[in-house]
Amino acid sequence: MDTLQAYQVLGLYPGASDAQLKAAWRRLVAAWHPDRNAADDAGSRMQGINKAYQHLRQLRQDEGETEDDADDDAKAAPATPSSAEATATAGGGPAGAAGPTYVRKVRLSLEDAVRGCTRTLRGHFTQACDSCAAQGQRVLAQACSACRGSGAVSTPALFGWLWNQSACPDCGSDGRQRATCDACDGSGERAVPYRRQVRFPAGVRAGDVLSLPSSRHGSMKVGLDLQVEIEPHPFFMLDDDGVLRCDMPVNGYAWMAGRWVEVPTPDGLQQMRLNREALVYRLRGQGFPAVPRGPRGDYLVRVTPVFPNHDDPAQEALLDQLIARANQSAEGGAGPLGQWTQRMGAWTAGQQAAASDA
Ligand SMILES: [Zn+2]
Ligand SMILES: [Zn+2]
């Protein structure tokens, strides 16, 4: 087959890219495959199309211009990064070829991300309609009613003196009658539901992408890339190194008294003993994994002791009692308050003696 002729069969110019070549071939095979096209010459057209394609592919391979098939498919793969459900359209490739890869987002809670979790994902892929090879219509054996099979229609031009011949809009100039595909209602595509169970490893982070091995759906193999999002947490903050932080108000008296309080951790509530010397508490190994499946970082709880306002008489009376009690036990003692009281006493006595001397 002559090279120029081969391009003509595929409706391309010699400068067409490999991707255009492949796309044109797919389109024509879809339209002329004898299983789908009832025309008498569909079989011979199909042979011509395949021959032209093989010829040009061989030619390009010899010239070292053809990219790897897998690469080509990967680049052609549609993606829908912004939609929650994968809805991109994918053309059915030649049998056995790797299919498209869909992208969808998955939102996990921080707690699920800490421990890892299993999710069942449901959605649908949109794939080319098998019945009409994504054309939305079937090609029938009878002649196109708009152009009576000629493939061209005449339209009156300036003042009706001249008649222009143009391609028939109904049949696209091949002169064959079309009928809307029932299987897809003319849309050329079909929604194929999927259900995948996915294990997210402990330590998965926002922005991570999990690529699932491709699986067969309908007539195509589909890959699924999952983009992980982590829901904002009401009180946990996550550092890059896996340290998890929480700011927590505590009862100031409980803090002073060194009492136990309940603190939230990714694993649930936990008892923690307050210490009036400390505002930050480190809970080792209770944070977030620094790397997926790795050991967990630390969990830092920063407490803010909160004391009530001085507007509760009962509470003020209790505080006075506490103060009196503390003064009492400090008197004559060896602690800083007791020592201070003694030093103050000695000093005051010295001052008074000096005053009476003068
Ligand atoms: Zn027509
Ligand atoms: Zn269809």
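The slack between H33 and E111, meaning 0.36 nm per residue of separation minus the straight C-alpha distance, is 22.7 nm. Treating r as the C-beta distance of S17 and D40 and R0 as 45 Å, the FRET efficiency rounds to 0.85. Using only the C-alpha atoms, the convex hull of the chain corresponds to 354 Å³ per residue. Against the chain, whose longest principal axis is taken from its Cα atoms, helix 336-357 shows a tilt of about 40°. Shown here for segment 210-306: GluC sites (Glu not before Pro) in loop regions (DSSP other than H, G, I, E, B) with at most 15 other Cβ atoms within 10 Å, namely E277.
For the chain, the mean residue ellipticity at 222 nm estimated from helices alone is -9000 deg cm²/dmol, where every DSSP H run of n ≥ 4 contributes -39500 (n - 2.57) and the total is divided by all residues, rounded to the nearest 500. A crude spin-label estimate for the pair S329 and M344, with each label 7 Å from Cα along the Cβ direction, gives 1.9 nm.
Compared with the dominant principal axis of the Cα atoms in the chain, helix 18-32 is inclined by about 60°.
Helix 313-330 and the long axis of the chain differ in direction by around 60°, with both axes built from C-alpha atoms. Translational diffusion of segment 313-353, estimated by Stokes-Einstein from the Kirkwood radius over alpha carbon pairs at 25 °C in a medium of 0.890 mPa s, is 213 µm² per second.
Taken together, the values in this text are just the output of simple stated rules run on the coordinates, not laboratory data. In this text the structure is predicted, and so the values were computed from the model without any measurement. Backbone-built Cβ (ideal geometry, glycine too); neighbour counts: all protein chains shown.
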